[in-house]
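Worksheet for the structure shown next.
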Amino acid sequence: MHLLTHVFGLDMPARGDTNMDRTIQNAGELVVFKKQSQLNEIWRRLKKDRLALFGLTVIVILILVAIFADLIIPYSAAIKMNLRNRLAMPSAAHWFGCDGYGRDMLARCVHGTRISLLIGFSTSIASLIIGGFLGSIVGYVGGRLDNIVMRFMDLFSAIPTILLALTVVAALGSGITNICIAITVTRIPGFVRVVRSSVIGIADMEFIEAARAGGTATPRILFRHVLPNAMAPLIVQTTMNVSIIILLAASLSFLGLGVNPPQPEWGALISEAKEYLRTAPHLMAFPGILLCLASFSMCVLGDGLRDALDPRLKS
Amino acid sequence: MYLHRYIWKRLLLLIPVVLGVSFIIFSILYIIPGDPGSIILGPGAMQADIDKLNAELGYNLPFFQRYFMYIFNAFFRFDLGISYASRLPVFSEVFARLPISLFISFNGILFAILVGVPIGVLSAVKQYTLLDKIPTAISLFLASLPAFLIGMVLMLFFSLRLGWLPSNGVGTWKHFVMPMFALGLPYAAQQLRFTRSSMLETIRQDYVRTARAKGASEHNVIWRHAMKNALLPVITVAGNNFGILIGGAVVTETLFGIPGLGTLIVNGVKQKDIPIVMGGIITLAAIFSIIMLLVDLAYAFVDPRIRARYASQR
């Protein structure tokens, strides 16, 4: 959850100055925008994009639901079976109805939101850190190391994503941590590529040469001078990846290889609903709508951020 | 013409890719505990028999030796080991199920191209009109839908409510309609967006203006002059998508109960049937690489600029 709010702070610039400064300090080495005015500028551009704003709103609401899930409805309601309520239709007592074991669907959806978003954000950030680290080093050092690492990344990209994830799940078993690891493995090559190409572009610039001439140590140049300037494409990549990861995790859960029952996760909920598609289609509808909303919102937010962070990229 | 050199070069490059990919998959699956002898022979077997079978299967050899033995057997003896669950050769199980997986993937990509490309061209030509906005909005939405959700919604309406299409298994053409939609729709959406942006870029180029200026009809300008260049990058995306779709078919096959390679792999993962998982995934990854190669070759074949680059370079 900490990680979640952390990136979230970066996505939401104009929420009050003290808040923002704290976020920037928290971000430590990954300071993105040094000047407040630049942040305002980005927020101003993002605000114009109505679709991105819609995405941002939905994501904020979903994140709030995920954080305060226990306050909305206790976790016990999501796993407590009550066969008397089996396949109950939506009602005042159970807004989203009940599933095949009589578990409250609202509770399962709310806590499913927590698990799905946790997987989406934490995996995206883990890939960002590992891929960013690897990509910036090979991009800056170059030469043989670059060649070896990139060929290795090519090999990983030569395996279809879901198959690579399945391989890792086969080796480690199911469960939240293991699917996070499995998905991270599939996401790293993309991050390495994005970071590497922007680092290569920046490493040739004069201010880097100046820093080097001034005797700055290489790690410091990399993390304080090069990386902050390579942040824009990385933020976009991270946002877009959350959407992909949520769908991938849902697919794994749908195959029965994701989270372990009775944990609720959107894909797992949809998979459970498959049994009752004929009699209780609402069981599929609620997690399905949440899944689509989240994935769609992250997608349009990523698009909007790309345009807002770098207007030159706008076609 | 040095195109044949390029083809040879790319074909040779396929070998390290397939070796590397299988090495990655082999290494990941290597960490699973349990020896094949005791799994195949079951709990009641004698330890001596188990040891003997393990030795026969090469289980006691060091890691690299096992890997090279696996590769050698796979490519020269068409032997991918024995399934723990069915005790049948993995090779025959995998290749018995491969055609149906390729068939539904091919259907999916064909659908994606036939739907995505024409609508993409249309929305580029009619930019900012409703003919552009509606398909673009729908495609944006579809691209964020997972295949299994599309499949379930289709199933709900077309087999459970209307009873038009069977929801499970294979047999008639009707069985393949919903898998085709479920697999193809997200990629049709992607193809549409890509075709649209590629077309938009092309119709702003000078030679298109020249074609218009010399009096070519609008139909000719779009479908003959612009189309040829706009479709080049579309080929790459379609090829890429075909590769990704083969992986994505895993989910669709499970949903519709299609006995393809995807269901075989998923069941293998569930039953810890490592030879099946390894053989199945390595086969699919190899096919993925071959498709990528064919896409590159097709690209070089249709694009004179790429041909020229290889012709100039010795």
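Listing for the model above:
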read-out	value
Complete set of residues in the range B:266-281 that are part of a helix (DSSP H, G or I) and at the interface with chain A (Cβ under 9 Å from one of its Cβ atoms)	B:266, B:268, B:269, B:270, B:274, B:277, B:278, B:280, B:281
Failed item, numbered, when residue A:219 is tested on (1) free of Cβ contacts under 8 Å to residues at least 60 places away in the same chain; (2) surrounded by 23 or more Cβ atoms within 10 Å (Cβ to Cβ)	(2)
The range B:236-261 - residue that is farther than 28 Å from residue B:195 by Cα and at the interface with chain A (Cβ under 9 Å from one of its Cβ atoms) and, of those, farthest from the chain's Cα centre (by Cα)	B:255
Residue identified as surrounded by fewer than 23 Cβ atoms within 10 Å (Cβ to Cβ), of a type in the set (A, V, I, L, M), at the interface with chain B (Cβ under 8 Å from one of its Cβ atoms) and within 19 Å of residue B:153 (Cβ to Cβ) among A:293, A:277	A:277
Among (1) modelled with pLDDT of 90 or more; (2) more than 12 Å from chain B (Cβ to nearest Cβ), the one test that residue A:198 misses	(1)
Counted residues, the range B:241-265 - those being over 16 Å from residue B:285 (Cβ atoms), of a type outside the set (Ser, Thr, Tyr) and assigned to a helix (DSSP H, G or I)	5
Wholly enclosed helices (runs of 4 or more DSSP H) of the range A:157-275 bearing at least 3 residues within 28 Å of residue B:243 (Cα to Cα) and either within 20 Å of the chain's Cα centre (by Cα) or of a type outside the set (D, E, K, R) (or both)	A:161-172, A:176-203, A:231-254, A:266-273
Of the criteria (1) within 14 Å of another protein chain (Cβ to nearest Cβ); (2) touching a Pro at 6+ places or on another chain (Cβ under 7 Å); (3) modelled with pLDDT of 90 or more; (4) within 26 Å of residue A:296 (Cα to Cα), which one residue A:111 fails	(1)
Hits in the range A:111-163 (condition: crowded, with 24+ Cβ neighbours inside 10 Å and among the aromatic types (Phe, Trp, Tyr))	A:121
The lone exception for residue B:46 - which of (1) within 34 Å of the chain's Cα centre (by Cα); (2) of a type outside the set (D, E, K, R); (3) modelled with pLDDT under 85 it fails	(1)
Considering residues of the range A:192-216 that are touching a residue at least 40 places away in the same chain (Cβ under 8 Å) and not aliphatic (A, V, I, L, M) only, the residue surrounded by the most Cβ atoms within 10 Å (Cβ to Cβ)	A:196
Residue among B:80, B:11, B:88, B:3 that alone is modelled with pLDDT under 80 and away from chain A (no Cβ under 14 Å)	B:3
Counted residues, the range B:14-60 - those being within 14 Å of chain A (Cβ to nearest Cβ) and touching a helix residue (DSSP H, G or I) at 6+ places or on another chain (Cβ under 9 Å)	19
The one condition in (1) within 20 Å of residue B:115 (Cα to Cα); (2) part of a loop (DSSP other than H, G, I, E, B) that residue B:163 fails to fulfil	(1)
Qualifying residue in the range B:31-48 (condition: out of contact with any Ser or Thr (no Cβ under 8 Å at 6 or more places or on another chain), crowded, with 19+ Cβ neighbours inside 10 Å and under 29 Å from residue B:180 (Cα atoms))	no
Selection within the range B:69-88 - under 26 Å from the mean Cα position of the chain (by Cα) and not in a loop (DSSP other than H, G, I, E, B)	B:70, B:71, B:72, B:73, B:74, B:75, B:76, B:82
Where residue A:189 falls short, out of the listed (1) more than 12 Å from chain B (Cβ to nearest Cβ); (2) buried (at least 20 other Cβ atoms within 10 Å of the Cβ)	(1)
Some residue of the range A:84-97 being surrounded by fewer than 19 Cβ atoms within 10 Å (Cβ to Cβ) and among the charged types (D, E, K, R)	yes
Of all residues making up the range B:12-27, the number that are of a type in the set (Ser, Thr, Tyr) and under 12 Å from residue A:156 (Cα atoms)	1
Condition check for residue B:284: in a helix (DSSP H, G or I), under 30 Å from residue B:75 (Cα atoms) and either at pLDDT below 85 or more than 12 Å from chain A (Cβ to nearest Cβ) (or both)	no
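Yes/no per residue for (1) aliphatic (A, V, I, L, M); (2) more than 14 Å from chain B (Cβ to nearest Cβ):
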residue	(1), (2)
A:67	yes, yes
A:83	yes, yes
A:107	yes, yes
A:118	yes, yes
A:126	yes, yes
A:144	no, yes
A:149	yes, no
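The values are calculated or read from the model by the stated rules, or taken from the named source; none is laboratory data. Not measured: the values here are computed from a predicted model. Here the Cβ is made from the backbone with ideal geometry for all residues, glycine too, and neighbour counts use every protein chain on show.
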